[in-house]
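Below is one structure, written out as structure tokens, with a few remarks after it.
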Ligand code: HEC
Ligand code: HEC
């Protein structure tokens, strides 16, 4: 990787991230896996893949994994005013909707205090929980589910 130009680093700090610098770097070098395998950029274009059909919960690969979202979430609003996920996953709603209730851990604030509703640090669900598409893995890998979960 080339040394980033100084103004780029400043822009990076200012913009708190990738936005300012990465696209040009990525365009110049093409999309690559961490180990350097070539990946065709057209293969990873969003919109090329269909969301998986709604299904039962997907087995986890390690104990602290945020479970994958086993259903479509297109159009589900998560904003300052409304959290569509909690419409089904809240403790006050899950029995009616058949959804898994949010984890007990999601009520803790950052100091470990227990809240009676979802903690602000867990509010934006898709920071950690991700929906799935029919996209094949970009590169093959030998990842194995944690022993205790096999
Ligand atoms: C209309 C109701 C509804 C909404 C809205 C909804 N879900 Fe779900 N969700 C479900 C149901 C029902 C299941 C369980 C499916 C099953 O058990 O077969 C589920 C399962 C899940 C699971 C898997 C839990 C596990 O133990 O593996 C996750 C994670 C999840 N949803 C996250 C989300 C997120 C994040 C959002 C918002 C973007 C959301 N859901 C919005 C109904 C909903
Ligand atoms: C900071 C990351 C993070 C955020 C944000 C987050 N979760 Fe989770 N979630 C996790 C992790 C990690 C687990 C598994 C370990 C645990 O239970 O804490 C989990 C577990 C769950 C489970 C499974 C509970 C069970 O009993 O098996 C559900 C359902 C869920 N989350 C829904 C949500 C919803 C809905 C939101 C948004 C309101 C959300 N999560 C926000 C990380 C997160």
Would you point out the residue of the range 109-121, among those that are touching a helix residue (DSSP H, G or I) at 6+ places or on another chain (Cβ under 8 Å) and more than 7 Å from ligand 2 (Cβ to nearest atom), that is farthest from residue 56 (Cα to Cα)?
-> 110
Could you tell me which numbered condition residue 145 fails, if it satisfies all but one of (1) more than 17 Å from residue 70 (Cβ to Cβ); (2) part of a loop (DSSP other than H, G, I, E, B); (3) modelled with pLDDT under 95?
-> (1)
Quick one: count up the residues across the range 95-108 that are closer than 22 Å to residue 60 by Cα, more than 8 Å from ligand 1 (Cβ to nearest atom) and surrounded by 14 or more Cβ atoms within 10 Å (Cβ to Cβ).
-> 4
Can you tell which of 87, 111, 54, 61 is free of Cβ contacts under 8 Å to residues at least 60 places away in the same chain and surrounded by 11 or more Cβ atoms within 10 Å (Cβ to Cβ)?
-> 87
Taking the range 58-74 and keeping residues under 13 Å from residue 126 (Cβ atoms) and assigned to a loop (DSSP other than H, G, I, E, B) leaves 66, 67, 68, 71, 72, 73, 74
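The values are calculated or read from the model by the stated rules, or taken from the named source; none is laboratory data. Nothing here was measured: the structure is a model prediction, and the numbers come from that model. Cβ sites come from the backbone with ideal geometry, for glycine too, and all protein chains shown count toward neighbours.
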